[in-house]
Ligand code: UTP
């Protein structure tokens, strides 16, 4: 059977961002800056670098700054042109030309599963990617590209995973499964959302990257509210896994939960240290600080 090409990526950004209040009262958490660009820009750049043609943003009231960030700003462009700021103009033009973006409103934050379900009409009958709007992955080959390469071999849904200490598994969706002949790839047997301590001996935690078959929409429609009264994606993923099979892929790279204060700070430090203009000066500053001379 020929596999359908992955052309679309869904990025849900409709959550309330309560972990980051008060910073996120008026500013979407996806617009918080990591060194010199908002989190969401890194995510859209990963999508583009993975060969995707269209992004579907699941948004909510108060998130228009995200759409504006990827739009063309005529007034700003005119001012920059008058001031001969060519490099800046080009950089802004590159952002607005990155990729086609379609927005769908999620009217109430009814959970990640519900947010993805909102994309059903735009996706239609094709497999697609999902990237969480606050999950950053730094890797030589974009995480989504790694997943698409695996999909081209296995032809089924894939969840990206990372290993976490067993003491932290209660904070994640956890996958249990068996190794396959494909490197870093496991066949999913069971998925459990935030397992109570001691109820799962797996350390494979689902992160914010999924490659899903379109049947997920039908299964999401049947999913009743679970943990926290929200429509959980994990329940529908388990149903999809039972029906067609699913793989868990231990991606190569480093993931940052930029929707969490500590994860956000780690991302800033690592991205700043690797920044071509700032890296050396920032590293000197950190070294002085850590040795008590800063
Ligand atoms: P999170 O639980 O990390 O986001 O959801 P949140 O609800 O915004 O954050 P906290 O926990 O209150 O701090 C993961 C992703 O799913 C989106 C979020 O925007 C985030 O990118 N999401 C979540 C939705 O789009 N809709 C929802 O109803 C819930």
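The values are calculated or read from the model by the stated rules, or taken from the named source; none is laboratory data. Small disclaimer: the values here were computed from a predicted structure and weren't measured. Here the Cβ is made from the backbone with ideal geometry for all residues, glycine too, and neighbour counts use every protein chain on show.
I'd like the residue in the stretch 281-294 that is farther than 24 Å from residue 20 by Cβ and touching a helix residue (DSSP H, G or I) at 6+ places or on another chain (Cβ under 9 Å) and, out of all such residues, is surrounded by the most Cβ atoms within 10 Å (Cβ to Cβ). Working first, answer last.
Initially, the stretch 281-294 is screened for residues farther than 24 Å from residue 20 by Cβ, giving 281, 283-285, 287-294.
If we keep only those that are touching a helix residue (DSSP H, G or I) at 6+ places or on another chain (Cβ under 9 Å) as well, we get 283, 293-294.
Details: 283: 14, 293: 7, 294: 10.
Only one residue tops the list, namely 283.
Please enumerate the residues belonging to the stretch 140-171 that are surrounded by fewer than 21 Cβ atoms within 10 Å (Cβ to Cβ) and part of a loop (DSSP other than H, G, I, E, B).
Across the stretch 140-171, the qualifying residues are 140, 141, 155, 156, 164, 165.
Listed here are the residues, each with its yes/no results for (1) over 30 Å from residue 121 (Cα atoms); (2) surrounded by 15 or more Cβ atoms within 10 Å (Cβ to Cβ).
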{"site": "202", "(1), (2)": "yes, yes"}
{"site": "216", "(1), (2)": "no, yes"}
{"site": "233", "(1), (2)": "no, yes"}
{"site": "236", "(1), (2)": "no, yes"}
{"site": "242", "(1), (2)": "no, no"}
{"site": "256", "(1), (2)": "yes, yes"}
{"site": "259", "(1), (2)": "no, yes"}
{"site": "270", "(1), (2)": "yes, yes"}
{"site": "276", "(1), (2)": "yes, no"}
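When you check residue 56 against the structure, is it closer than 12 Å to residue 101 by Cα, touching a strand residue (DSSP E or B) at 6+ places or on another chain (Cβ under 7 Å) and away from the ligand (no atom under 16 Å from the Cβ), yes or no? Walk me through it before giving the result.
Numbers: closer than 12 Å to residue 101 by Cα: yes; touching a strand residue (DSSP E or B) at 6+ places or on another chain (Cβ under 7 Å): yes; away from the ligand (no atom under 16 Å from the Cβ): no.
Spelling it out, it is not the case that residue 56 is closer than 12 Å to residue 101 by Cα, touching a strand residue (DSSP E or B) at 6+ places or on another chain (Cβ under 7 Å) and away from the ligand (no atom under 16 Å from the Cβ).
Restricted to the stretch 13-48, and to residues that are within 19 Å of residue 254 (Cα to Cα) and not in a helix (DSSP H, G or I), which residue is farthest from the ligand (Cβ to nearest atom)?
Selected residue: 35.
Which of the residues belonging to the stretch 88-130 are assigned to a strand (DSSP E or B) and at pLDDT 95 or above? Full working, then the answer.
So in the stretch 88-130, the residues assigned to a strand (DSSP E or B) come out as 100-105, 128-130.
Within the stretch 88-130, 101, 102, 103, 104, 105, 128, 129, 130 qualify.
Being at pLDDT below 95, more than 19 Å from residue 17 (Cβ to Cβ), in contact with a strand residue (DSSP E or B) (Cβ under 7 Å, 6 or more places away or on another chain) and more than 15 Å from the ligand (Cβ to nearest atom): is that true of residue 77 here?
Working: at pLDDT below 95: yes; more than 19 Å from residue 17 (Cβ to Cβ): yes; in contact with a strand residue (DSSP E or B) (Cβ under 7 Å, 6 or more places away or on another chain): no; more than 15 Å from the ligand (Cβ to nearest atom): yes.
Spelling it out, it is not the case that residue 77 is at pLDDT below 95, more than 19 Å from residue 17 (Cβ to Cβ), in contact with a strand residue (DSSP E or B) (Cβ under 7 Å, 6 or more places away or on another chain) and more than 15 Å from the ligand (Cβ to nearest atom).
Looking at the stretch 263-275, can you tell me whether even one residue there is touching a strand residue (DSSP E or B) at 6+ places or on another chain (Cβ under 8 Å), within 16 Å of the ligand (Cβ to nearest atom) and assigned to a loop (DSSP other than H, G, I, E, B)?
The answer is no, given that none of the residues of the stretch 263-275 is touching a strand residue (DSSP E or B) at 6+ places or on another chain (Cβ under 8 Å), within 16 Å of the ligand (Cβ to nearest atom) and assigned to a loop (DSSP other than H, G, I, E, B).
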